[in-house]
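Taking it in order: structure first as structure tokens, then the write-up.
The values are calculated or read from the model by the stated rules, or taken from the named source; none is laboratory data. From a predicted model like this one, the values you see are computed outputs, not experimental measurements. Every residue, glycine among them, receives a Cβ derived from its backbone with ideal geometry; neighbour counts consider all protein chains shown. Just so you know, the surface numbers come from the protein's heavy atoms only, side chains and all, with ligands and any DNA or RNA stripped out. Shrake-Rupley method; radii C 1.70, N 1.55, O 1.52, S 1.80 Å.
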Amino acid sequence: MIGGATRLVGLVGDPVAGSLSPRMQNAAFAARGLDWAYVPLRVAAEDLETAVRGLVAAGFVGANVTIPHKLAVAKRCDEADGDSVNTLVFQGGRILGFNTDREIVAGVRGSRVCLIGAGGAARALMPALPDHVRIFSRASAWPPDASEADVIVNATPVTDELLVRPDAKHSVVDLAYRADGRPTALIQAAREAGCPVVVDGREALVRQGAASFEHWTGMRAPVSVMRRVVGLPA
């Protein structure tokens, strides 16, 4: 039950209806005994600044930011952790932006990366990737070529189309996921190929979401709960 004392966190994006973040973060708040609620908020690009300022005025603790707003929202922060942020913290009327997406690729080893996508999600991962990154997008280099890469990262929302075929030498990270838990085309192909490291979209969601939780609450995230709620082994 949301009451007058409930503290609120938002998910700002377009679309947001298929996101598992509300289910995951609300379970995390409950596990820590917090009277907090995480609510999805569909916000069009032209309304982004008004919406974010409205969250500050309404007393929200903070927000996650998803497609397509990660680059634009960084420009509206009083302080931003780079030019693409996915986590906002509101303090004393100020907007602080953090990039917890970089946690998704923490520990993924490799020297050459095939990065599919050139939007905010891709930009957020760049600081945590090796120096040699080839970026592929439909607006520039296409189709993706992973022949010289040892890491493939999909930073687009594509789930059904196999944009590049991995083989056993590749570590694979896919930010996209299906809400019903079925693997994306890339993750299915990576598992069939016997790739040594496979990080699917639900694992990526937990990694960045746990870091966001800690920015908002100052408490250790209940990662096992968050994993279980999105259908991963705890």
Solvent exposure of the stretch 156-234 as accessible area per residue, Å², 1.4 Å probe
44
Would you please state the base-10 log of I(q)/I(0) at q = 0.19, 0.23, 0.24 1/Å for the stretch 156-234, with intensities from the Debye formula using one equal scatterer on every alpha carbon?
-0.81, -1.03, -1.08
Let me check against my output: what whole-number percent is the relative contact order of the chain, with C-alpha pairs under 8 Å and at least 6 apart?
16
Against the 2.2 N^0.38 Å rule of thumb, the C-alpha Rg of the stretch 1-133 sits at a ratio of 1.11
Taking the C-alpha atoms of the stretch 41-96, convex hull volume expressed per residue in Å³
68
Debye, to nearest 20: dipole size of the stretch 139-178, +1 on Lys, Arg Cβ, -1 on Asp, Glu Cβ
100
Highest first, please rank the peptides 146-153, 107-114 by the mean number of other Cβ atoms sitting within 10 Å of their residues.
146-153, 107-114
Along each of its three principal axes, how wide is the spread of alpha-carbon positions in the stretch 98-234, in whole angstrom units, largest first?
42, 29, 25
Ratio Rg/Rh [Cα only; Rh per Kirkwood] for the stretch 111-171
0.92
Positive end of the charge dipole of the stretch 67-180 (Lys, Arg +1 and Asp, Glu -1 on Cβ, about the Cα centre): tell me which of VAL108, ILE135, GLY97 has its Cα farthest that way.
GLY97
Sorted largest first, extent of the stretch 77-154 alpha carbons per principal axis (Å):
50, 29, 16
Specify which residue in the list MET219, GLY59, GLY10 is farthest towards the positive end of the charge dipole of the chain, using unit charges on the beta carbon of Lys, Arg (+1) and Asp, Glu (-1), about the Cα centre.
MET219
The stretch 69-142 accessible area per residue, 1.4 Å probe, protein heavy atoms, integer Å², reads 46
So if each residue of separation counts as 0.36 nm, and I subtract the Cα-Cα distance between GLN91 and ASP35, what length gain in nm does that give?
18.3 nm
Roughly speaking, what is the centre-to-centre gap between the stretch 152-169 and the stretch 198-229 when only Cα atoms are used, to the nearest Å?
23
Calculate one ³J(HN,Hα) per residue across the stretch 58-70 by plugging θ = phi - 60° into the Karplus curve 6.51 cos²θ - 1.76 cosθ + 1.60, and present them in order as whole Hz with x for glycine and proline.
7, x, 4, 6, x, 6, 9, 10, 10, 3, x, 9, 5
Quick one, which of (1) 1.00; (2) 1.17; (3) 1.07 is the actual Cα Rg over 2.2 N^0.38 Å calculated for this model?
(1)
Working from Cα positions, state the angle (0 to 90°, nearest 10) between the long axis of helix 201-217 and the longest principal axis of the chain.
30
Roughly to the nearest percent, how much of the accessible area of the chain is carbon and sulfur, given a 1.4 Å probe?
50
